[in-house]
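These notes are about the structure you will find just below.
The values are calculated or read from the model by the stated rules, or taken from the named source; none is laboratory data. These figures come from a predicted structure and were not determined experimentally. When we count neighbours, we look across all protein chains shown, and the Cβ atoms used for this are built from the backbone with ideal geometry, even at glycine.
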Amino acid sequence: MTNITIDEFKKAEMQVGEILAAEPVEGSEKLLKLRVSFGTEERQVISGIAKFVKLEEIVGKKFAFATNLEPRSIMGLESQAMILAVGGDGETPFAILEAPAATPGSRVR
């Protein structure tokens, strides 16, 4: 594990996002393409959570996301944030950090 300073950690921006739509990524068993509202903007997020969630159970719910990461191309699709989750060795179910009472775009502290 590499330690970082508190100043480095403070650079991370985390916000609540509401999942507006979710669909499987063609050609992948683990990836989902999410359309997420962060209040004033919508972003596409590609996430490896398909084995652990049901689409109908996450659409309309609010979760914590890291939002100031460099966009990344995953299977040719741009991911513009990362959903925050606990666990995940690839097989063990994990928990997604849900924020049901928060407003999309709210900062996670």
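Here VAL108 qualifies as among the β-branched types (Val, Ile, Thr) and surrounded by 14 or more Cβ atoms within 10 Å (Cβ to Cβ). Among the candidates THR67, THR40, THR5, the residue that is under 15 Å from PRO104 (Cα atoms), surrounded by fewer than 12 Cβ atoms within 10 Å (Cβ to Cβ) and among the polar types (S, T, N, Q) is uniquely THR40.
Just one residue in the set LYS10, LYS62 is modelled with pLDDT of 95 or more and closer than 19 Å to VAL108 by Cα; that residue is LYS62. When we screen GLU29, GLU18 for residues that are acidic (Asp, Glu) and touching a residue at least 40 places away in the same chain (Cβ under 8 Å), the only hit is GLU18. With respect to ALA99, is the statement that it is surrounded by 15 or more Cβ atoms within 10 Å (Cβ to Cβ), under 15 Å from the mean Cα position of the chain (by Cα) and farther than 27 Å from ILE6 by Cβ true? So ALA99 does not fit the description; no.
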